[in-house]
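As structure tokens, the structure follows; a few thoughts come after it.
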Amino acid sequence: MKKLTRMFLIAMTVFAVSCDSNDDLIDDILGDEDIELMVTDKTSKSVTVFVSDLEAGATSFNALVDFTSTDASMRRLYITENYFGAGDEPYDLTASAGFTGLDTKLDGSIDLERDYKEGFSFDIPFKVYDTETTGKVVYTLWATSGRGDFRDTDKRLAVGLGTITVDYGGNNPATDVKEYTTKLFYAPLGDGSSETFISMLDGQLYQISEGEEYAAFWDFGYYYGGQSMASFASTADYPQLFDHDNDANTPLVDVATLVGIPDSELNEVFFSLSDMDFAAVTKSSDLDGIVASTEQRINGLVADNVVEFVDSYGKKGLIQVVKVQGTFNQGDYIEVNIKVQP
């Protein structure tokens, strides 16, 4: 992902010949950090890293850790890791980041002799775990004026505490929403050839006849009923509207039967009418207040309706109805704008 910090590149070479001091480390700021944690004296600072914001497949991220002391000499840097609430444990850079020769004290803290008594700026790598677990990994960093204690952050505290929270599965509230504008869902044709279903992954519309390879992408579709009128339904609860065998004597079938996949593999989406201001929603956090309903269909849609929804993956969003054209004939459609959490 990012370049390895010069701090630790030098650590791997310098300490091969001098392994009793970190004084020769160069604390250059390389400018390619993912986050910055800047702490002065005994103050608390926190930053959060959302794994969803990192490059796909990232195995680590770089943090610029800048510590300044105005009234104490920093001697050691302590780092702990709390892995998904399992409790604080010493974070071993040698084991986690693969560094060798890094000068540490016997207790595992990093030696900060001479050059770093009053301040330092280090690029420090932190591991990104390959896991499907949803939750948080928390790193705590502090500097001491002498021998500290991994279990007692107050012991000889000089600078800190700094906290880096890595959010696995969460959304950055400052991230812009995804916007899919001017989408035309066409009324479903019996043979499934109309562009009737949409994926919130990329906003693409799909013909249901495209088959099982795409079925996992579909989140919800459009239809027009004699009593329900313009309607949306999740793929898992879409009405039986499809002719799968060209036989007028057999009943129409649902999505799963037409495509040939189990019902359990179809996505659920839960809808309700909303009084939210569609235009005012710009950030992911603007949608946090939406609560999933129990309804996988919403009927009687007309222009200017705003519909809120929650999908199978917990993503929340809004649908703004722009226009309803016609009923259930070929070429009839509903025109919408959509905003959804990334």
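Roughly how far apart, in whole Å, are the Cα centres of region 172-198 and region 55-70?
Using only Cα atoms, the two centres lie 38 Å from each other.
Build a GNM of the chain with springs between Cα atoms under 10 Å: which of Asn299, Asn172, Asn249 gets the top mean-square fluctuation?
For the chain, modelled as a Gaussian network with Cα springs under 10 Å, the answer is Asn249.
May I ask you to list the chymotrypsin sites (Phe, Trp or Tyr not before Pro) in region 51-152 that are in a DSSP loop and have at most 15 other Cβ atoms within 10 Å of their Cβ?
Loop-located and lightly packed - Phe84, Tyr129.
Could you please put Arg75, Arg156, Arg114 in sequence from largest to smallest accessible area, using a 1.4 Å probe?
Arg114, Arg156, Arg75
At 0.36 nm per residue, and after removing the present C-alpha to C-alpha distance, how many nm does the segment from Gln227 to Asp176 gain when stretched out fully?
Working it through step by step, the gained length comes to 14.6 nm.
Could I have the simple spin-label model distance between Glu335 and Glu132, label points 7 Å from Cα toward Cβ, reported in nm to one decimal?
In this crude spin-label approximation the distance works out to 4.2 nm.
With 29 Å as the limit, write out which pairs from Lys127/Lys339; Lys42/Lys105; Lys42/Lys127; Lys45/Lys117; Lys136/Lys316 have Cα-Cα distances beyond it, or answer none.
Lys127/Lys339
If amide H atoms are built 1.01 Å from N in the plane of the peptide, which residues on other chains or at least 5 residues away come under 5 Å of the amide H of Arg76?
Answer set, sorted by chain and number: Leu112, Thr144, Gly146.
Could you list the residues of region 125-161 with an amide nitrogen less than 13 Å from a label point located 7 Å from the Cα of Lys45 in the Cα-to-C-beta direction?
Zone members listed by number: 141-143, 159-161.
Roughly how compact is the chain, stated as its Cα Rg over 2.2 N^0.38 Å to two decimals?
Cα Rg divided by the expected 2.2 N^0.38 Å: 1.37.
Using each residue's phi in region 150-157, evaluate 6.51 cos²θ - 1.76 cosθ + 1.60 at θ = phi - 60° and report the 3J(HN,Hα) Karplus result to the nearest Hz, with x for Gly and Pro.
4, 9, 9, 5, 7, 5, 6, 5
Roughly what would the spin-label model give for Asp71 and Asn246, points 7 Å off Cα along C-beta, in nm?
It works out to 8.7 nm between the two label points.
Please identify the longest segment of the chain free of exposed GluC sites (Glu not before Pro), where exposed means a DSSP state other than H, G, I, E or B and no more than 11 other Cβ atoms within 10 Å.
133-342
Output wanted: per-residue J couplings in Hz (rounded whole) for region 323-332, from phi through Karplus 6.51 cos²θ - 1.76 cosθ + 1.60, θ = phi - 60°, x for Gly and Pro.
7, 10, 10, x, 10, 10, 8, 4, x, 6
According to a simple spin-label model (label point 7 Å from Cα along Cα-to-Cβ), what is the distance in nm between Ser312 and Asn299?
Taking the two extended label points, one gets 2.5 nm.
Which ³J(HN,Hα) values in Hz, rounded to whole numbers, follow from the phi angles of region 103-110 under the Karplus curve 6.51 cos²θ - 1.76 cosθ + 1.60, where θ = phi - 60° and Gly and Pro get x?
The phi angles translate into 7, 10, 7, 4, 7, x, 6, 8 Hz.
Quick query: amide H of Lys283 versus all other amide H atoms, modeled in the peptide plane; which residues come in under 5 Å with a sequence gap of 5 or more or a different chain?
Val177
Round to the nearest 0.05 the FRET efficiency obtained for Asp191 and Phe84 when R0 = 41 Å and r is the Cβ-Cβ distance.
Computed FRET efficiency for Asp191 and Phe84 comes out at 0.25.
With springs only between Cα atoms under 10 Å apart, run a GNM on the chain and tell me which of Val291, Val306, Val51 wobbles the most.
Val291
The values are calculated or read from the model by the stated rules, or taken from the named source; none is laboratory data. Being a predicted model, the structure only gives us computed values, none of them experimental. Don't worry about glycine lacking a Cβ; one is built from the backbone with ideal geometry, like all the others, and counts go over all protein chains shown. Remember, those area values only see protein heavy atoms, side chains included, never the ligands or the DNA or RNA. Shrake-Rupley method; radii C 1.70, N 1.55, O 1.52, S 1.80 Å.
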